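Student: The structure that follows is given in the form of structure tokens.
The values are calculated or read from the model by the stated rules, or taken from the named source; none is laboratory data. Remember, predicted model here, so these are calculated numbers, not experimental data. Glycine gets a Cβ as well: all are built from the backbone with ideal geometry, and neighbour counts include every protein chain shown.
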Amino acid sequence: MRGCSFWRFKLNDLAMHLRTLASTFPFVLLLLSSCNVSRMMERKALRAFEENGLEQHVYTDAQGPHFTWASKGLATGTKPKLMLVHGITGSSAMWATNLSGLAPHFDLIVPDLVGHGRSTPQWSGNSVDVQVAHLALLLDSLGVNEPVYVVGASYGGAMSANFAEQHPQRTRALVIYDGPASDYTSAMADSVARSVGAADVAALFAPTTPQEMYRLISVAMYAPPKMPGFVRKQLLERYSAHQASYQGLLLDLLKHEQRYAQKRYLWTMPVYVLWGEGDKLIPPAVGRGIMARNELPADHWIVVPQAGHSSNVEHPRLFEEHLLRVLKDGPCEDPGRRSEGPCTLEYDPFCGCDGKTYPNRCAAWRAGVRLVSKGECR
């Protein structure tokens, strides 16, 4: 009972940390049942989906169920459609904090990947292709034929990158969010694991003690919360129930690293790369590598300050603002690239208030810069 009292009195202080944990490891919502904290958080996530107009959708085939949340009236809705793809060990619940900020602007599709949440754990072959086919199948089952915006987090970012390449006609724009679409190897992952005391990345994702469970949580967060021992123990017990599925998908991705580590994608849509400034699990250098390898415009690189691997929960409003800035009014037909140089009458009204020139209004808007008008900013 002492533990329950701790959670009751500290609930307000810990609410933000629990949401952060839910982003990276949503199974935290199922824990601490003796204190009813997890039940409250689970109900809160459920309410977030329902209050923002989403409903559950399940399509079942020979492999089992394929689960997603989707905005009501999705097939006939008039708003642009946005698909949010979670990371490994996660589920659709990781996006609950962002629904209120995104639902007014988009019809949402928020799936559970294969091996996660309420989707089937059954798969065979290359797991990346399995996940891509899973996402396409869900869109088919929802009756979505138009292109959708796709935002993929972490492992889900890699899946989304491949989805966009394999299904360009279904992808309006892509945002890779702290996702190892390329430029990430098992050697790099093992190095991160060793830096926190694990033998390799497989061991990091296979905790056997409460301390190792907390280590895995901590490396994924910018400012890990303090966590009493009984919480760490319950987190480990819950994680262990799903560990085989997570490990299988992780190891399969690493097995195919030669296919993806140096891959240059054949994207035909606008692509943005968004990263937490302090991501320790998949460092920002990986994102910069994706940018360089695919020759993406410099202003398509977005950094969230003071954020780790979970910026959508650590800084939800800022994260949503970034998405709205690049997706809300649709990709520019000609996004243009920012150019250095003096502002002269030749460039008016494409002289930005940051002292740089812009080839078109859309490029300046996307960079978040106000343009010169009637002599302003001189």
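Student: Six or more apart or on different chains, Cβ atoms under 8 Å: show the pairs whose first residue is in the range 306-323 and free of Cβ contacts under 8 Å to residues at least 24 places away in the same chain and whose second is buried (at least 22 other Cβ atoms within 10 Å of the Cβ).
Tutor: 315/304; 315/307; 318/304; 318/311
Student: Scan the range 179-191 and give yes if some residue there is of a type in the set (Gly, Ala, Ser), assigned by the TED database to the domain that holds residue 237 and over 22 Å from the mean Cα position of the chain (by Cα), otherwise no.
Tutor: yes
Student: Residues being farther than 18 Å from residue 254 by Cα, among the small types (Gly, Ala, Ser) and part of a loop (DSSP other than H, G, I, E, B): count how many of those fall in the range 187-212.
Tutor: 1
Student: Follow-up. Considering only residues that are hydrophobic (A, V, I, L, M, F, W, C) and touching a Phe, Trp or Tyr at 6+ places or on another chain (Cβ under 9 Å), which ones fall in the range 237-250?
Tutor: Residues satisfying the conditions are 241, 249, 250.
So that you can scan it fast, the table gives a plain yes or no per residue for (1) in contact with a strand residue (DSSP E or B) (Cβ under 9 Å, 6 or more places away or on another chain); (2) touching a residue at least 12 places away in the same chain (Cβ under 8 Å); (3) assigned to a helix (DSSP H, G or I):
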site: 217; (1), (2), (3): no, yes, yes
site: 221; (1), (2), (3): no, yes, no
site: 233; (1), (2), (3): no, yes, yes
site: 245; (1), (2), (3): no, yes, yes
site: 265; (1), (2), (3): yes, yes, no
site: 282; (1), (2), (3): yes, yes, no
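Student: Considering only residues that are under 22 Å from residue 143 (Cα atoms) and either surrounded by 24 or more Cβ atoms within 10 Å (Cβ to Cβ) or free of Cβ contacts under 8 Å to residues at least 24 places away in the same chain (or both), which ones fall in the range 115-131?
Tutor: Matches in the range 115-131: 119, 130, 131.
Student: Please go through the range 271-297 and pick out each residue that is buried (at least 20 other Cβ atoms within 10 Å of the Cβ) and among the acidic types (Asp, Glu).
Tutor: Hit for the range 271-297 is 279, nothing else.
Student: Sticking with this structure for a sec: Looking at the range 90-97, can you tell me whether even one residue there is closer than 21 Å to residue 216 by Cβ, among the hydrophobic types (A, V, I, L, M, F, W, C) and at pLDDT below 95?
Tutor: yes
Student: Test residue 300 against the criterion of being surrounded by fewer than 17 Cβ atoms within 10 Å (Cβ to Cβ) and either modelled with pLDDT under 95 or closer than 29 Å to residue 213 by Cα (or both), and give yes or no.
Tutor: No.
Student: Quick check on my filter: what residues within the range 159-186 are buried (at least 24 other Cβ atoms within 10 Å of the Cβ) and assigned to a helix (DSSP H, G or I)?
Tutor: 159, 160, 161, 163, 164
Student: Please give the number of the condition residue 28 fails out of (1) modelled with pLDDT of 95 or more; (2) touching a Leu at 6+ places or on another chain (Cβ under 6 Å).
Tutor: Condition not satisfied by residue 28: (1).
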